[in-house]
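Worksheet: one structure, shown below.
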Amino acid sequence: MEYGIKINFYAYNGDGTFVYNSGNPYISFEMGKQPDNLVDFMVANTNTSYDDHSGQVPLAFSHACAAVQFYVYCVDGQTYSVKDITLKNVKNHGNYYYNTNSWSLSGGTHDYLLTESSITPTTDDQRLPCGWMFLIPQSKDAIGIEVRFTKNGSLDELTKTLSLRSDSWDAGTRYSVRIRIGNSKPQS
């Protein structure tokens, strides 16, 4: 073995397929289909020689996905029963490129059911049971949140689709999405 020669090392956790691609290495990654099973996808790479670190490879992993947590709350004093909340049109497949620390999204989209059990929101934030979702960084232009609910004990089910604020979810960043149910001004 020749000492002093620098070698590129690449690592990642979870499922995915490593492709070297003529010096432009990437991981082809697809998110899981259930919110509870999404992987906090992490990556690392370094360029070092065998003798720089006594035969050990030092790797510093970084988060390649955005972490998103969802809350629901009520603003108008009415009684709501939220049947389910779905995150719609999420891009769930892409390639993570090591050389640029960036994603290229591919494939279709997937809808994620965030809660299947009924929730009665109060004026306090209630975290949805799906916990943290780890999503491939992406623009939120096409993503929506669909909420199915009833109001004041009515049997008539209502469905509202909400848009998300801000431009994108970025890698290594945590986001909290607060879903407001009800009118801003109480009705008399």
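The values are calculated or read from the model by the stated rules, or taken from the named source; none is laboratory data. These numbers were taken from a predicted model, which means no experiment stands behind them. Positions of Cβ are backbone-derived with ideal geometry, glycine not excepted, and every protein chain shown enters the neighbour counts. Calculation scope for accessible area: heavy atoms of the full protein, side chains included, ligands and nucleic acids excluded. Shrake-Rupley method; radii C 1.70, N 1.55, O 1.52, S 1.80 Å.
The single condition among (1) in contact with a Phe, Trp or Tyr (Cβ under 7 Å, 6 or more places away or on another chain); (2) assigned to a strand (DSSP E or B) that Val147 does not meet is (1). It is to be established whether one or more residues within region 105-119 are touching a residue at least 60 places away in the same chain (Cβ under 8 Å), surrounded by 12 or more Cβ atoms within 10 Å (Cβ to Cβ) and over 17 Å from the mean Cα position of the chain (by Cα). Checked region 105-119: no residue is touching a residue at least 60 places away in the same chain (Cβ under 8 Å), surrounded by 12 or more Cβ atoms within 10 Å (Cβ to Cβ) and over 17 Å from the mean Cα position of the chain (by Cα). Taken together, the residues in region 81-91 that are open to solvent by less than 10 Å² (accessible area, probe 1.4 Å) and farther than 11 Å from Leu114 by Cα amount to 2.
Any residue at all in region 128-149 that is crowded, with 17+ Cβ neighbours inside 10 Å, modelled with pLDDT of 90 or more and touching a Gly at 6+ places or on another chain (Cβ under 6 Å)? For region 128-149, residues crowded, with 17+ Cβ neighbours inside 10 Å, modelled with pLDDT of 90 or more and touching a Gly at 6+ places or on another chain (Cβ under 6 Å): present.
On the given criteria, is Gln56 polar (S, T, N, Q), without any contact (Cβ under 8 Å) to a residue 60 or more places away in the chain and crowded, with 16+ Cβ neighbours inside 10 Å? Please lay out each step first, then the result.
Values: polar (S, T, N, Q): yes; without any contact (Cβ under 8 Å) to a residue 60 or more places away in the chain: yes; crowded, with 16+ Cβ neighbours inside 10 Å: no.
No, not satisfied.
Checked against the criterion of being open to solvent by less than 70 Å² (accessible area, probe 1.4 Å), in contact with a Pro (Cβ under 8 Å, 6 or more places away or on another chain) and of a type in the set (S, T, N, Q), the candidates Ser168, Ser154 yield just one match: Ser168.
Please work out if Asp84 is in contact with a Lys or Arg (Cβ under 6 Å, 6 or more places away or on another chain) and not aromatic (Phe, Trp, Tyr). Against the criterion (in contact with a Lys or Arg (Cβ under 6 Å, 6 or more places away or on another chain) and not aromatic (Phe, Trp, Tyr)), Asp84 qualifies. Of the residues that make up region 36-43, is at least one more than 18 Å from Leu59 (Cβ to Cβ) and without any contact (Cβ under 8 Å) to a residue 40 or more places away in the chain? Yes, some residue in region 36-43 is more than 18 Å from Leu59 (Cβ to Cβ) and without any contact (Cβ under 8 Å) to a residue 40 or more places away in the chain. Identify, from the list Phe70, Phe29, the residue that is within 30 Å of Gly182 (Cβ to Cβ), of a type outside the set (A, V, I, L, M) and open to solvent by less than 20 Å² (accessible area, probe 1.4 Å). Only one candidate qualifies: Phe70. Among the residues of region 108-118, are any of a type outside the set (A, V, I, L, M), farther than 19 Å from Arg148 by Cα and touching a strand residue (DSSP E or B) at 6+ places or on another chain (Cβ under 9 Å)? Yes, region 108-118 contains at least one residue that is of a type outside the set (A, V, I, L, M), farther than 19 Å from Arg148 by Cα and touching a strand residue (DSSP E or B) at 6+ places or on another chain (Cβ under 9 Å). With respect to the conditions (1) at pLDDT below 95; (2) open to solvent by 70 Å² or more (accessible area, probe 1.4 Å), Phe61 falls short on a single one, namely (1).
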